[in-house]
1. Applying a 10 Å radius around every beta-carbon, put 282-292, 172-182 in order of their mean neighbour count, most first.
2. So if we plug the beta-carbon distance of residue 56 and residue 187 into 1/(1 + (r/R0)^6) with R0 = 45 Å, what FRET efficiency do we get, rounded to 0.05?
3. Keeping all protein chains in position, work out how much accessible area residue 48 exposes to a 1.4 Å probe, and write it in Å² to the nearest 10.
4. Where only protein heavy atoms count, and the probe is 1.4 Å, what is the accessible area per residue for the chain in Å²?
5. In what sequence, highest mean first, do 211-222, 145-156 appear when ranked by Cβ atoms within 10 angstrom?
6. How big is the equivalent ellipsoid of region 165-233 along its three axes, where each semi-axis is √(5λ) from the Cα gyration tensor, reported in whole Å from largest to smallest?
7. State to the nearest 20 debye the size of the charge dipole of the chain about its Cα centre, where the only charges are +1 on K and R beta carbons and -1 on D and E beta carbons.
8. Of the peptides 92-102, 224-234, how do they stack up when ordered by the mean number of other Cβ atoms within 10 Å, highest first?
Amino acid sequence: MTDDLGDLRAQIDEVDAQLVALLGQRFELTRRVGWLKAGGGMASLDTSRERAQDERFAELAAAAGVDATLVRQVFDDVRAAVRHEHDLTRPFTIAEMQDAEKRSQTEFGVSLSELMDRAGRALSLTAVRMADGPVLVVCGTGNNGGDGYVCATDLLQRGVDVTVCAVAPDSLAVGTLAGDAAAAYEAAGGRVIVASDTSDFSGVGVSLIVDALFGSGLGRPVEGLYAHLVSLINDCGVPVLSADIPSGINGDTGEVLGVAVHATRTLMMGLAKPSCLVSTHFGACEVADILPPGLVAQLIR
């Protein structure tokens, strides 16, 4: 009996893994549908399509001998998550996002430090999904770099082999968001290599690079050391995850400011940026839901 029970549990575990994988694939496909709808200005809710899906789910459930309401509950959860993500894909200008960050503090009591922590942890979760080995996080000196340091710290705490390639780490002042995030990473035992004009990622041996060089507020051409790092990222031959905006892209227009990262996936922070709808540098797009829910509800209604 014990052997039979163990065998059945092993089969359940295998089916569970298959189910989670399939739900992940479905979520990714419906996410892409959402971005296409957002780009075309279409509503998230397609009533006739959902009615047809409900009928199909009922038929599939009956064929499998499963209560149709249970099947519907699972897919209702997926639909709700995707619909919320679709609502977040309405693009907001960089000025509007900056205003939302200020309102997070003044109206909802969520500090910029907390927003950075949420952004970095969301970036880490996405990195875990994408990586199958060591991760390299390339950090600039601004708040986008701070997101990268928080991401690296969280990856370290999850047991991931992570290294930070840091631009001018000695210039990060204590008491600044990026400076404190960098200090926390080093205090946790994180490895740092200092970026230079001779940096070369070819021998680093990583499965993913996280681009946290520049954020959405970039308004000048990418030159010098930063241009060198962008080239290294683009030539690395592994997937690239960009934080908020692929470095080198104007957040409002999608213009390439000299050179820009070609991301495999971009995790935009808080709200979608207009450039994601016109630029080919973003790869697959997601939005990290880091703003206070009450503020988001006001913004997207």
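The values are calculated or read from the model by the stated rules, or taken from the named source; none is laboratory data. Every value quoted in this text rests on a predicted model; they were computed, and no experiment measured them. All Cβ positions, glycine included, derive from the backbone under ideal geometry; neighbour counts span all protein chains shown. Note: accessible area is taken over every heavy atom of the protein model, side chains too, but ligands, DNA and RNA are not part of it. Shrake-Rupley method; radii C 1.70, N 1.55, O 1.52, S 1.80 Å.
1. Numbers: 282-292: 21.1, 172-182: 18.1.
In descending order of packing, they fall as 282-292, 172-182.
2. Values: r = 53 Å, r/R0 = 1.18.
It comes out at approximately 0.25.
3. That residue has around 70 Å² of solvent-accessible surface.
4. Details: 14930 Å² over 301 residues.
Dividing the accessible area of the chain by its residue count gives 50 Å².
5. On the way: 211-222: 22.1, 145-156: 29.0.
The packing order, highest mean first, is 145-156, 211-222.
6. On the way: eigenvalues 83, 63, 25 Å².
Taking √(5λ) for each eigenvalue gives 20, 18, 11 Å, largest first.
7. On the way: 23 positive and 40 negative charges, 157 e Å.
Value, rounded to 20: 760 debye.
8. Details: 92-102: 16.5, 224-234: 18.6.
My ranking of the peptides, most packed first, is 224-234, 92-102.
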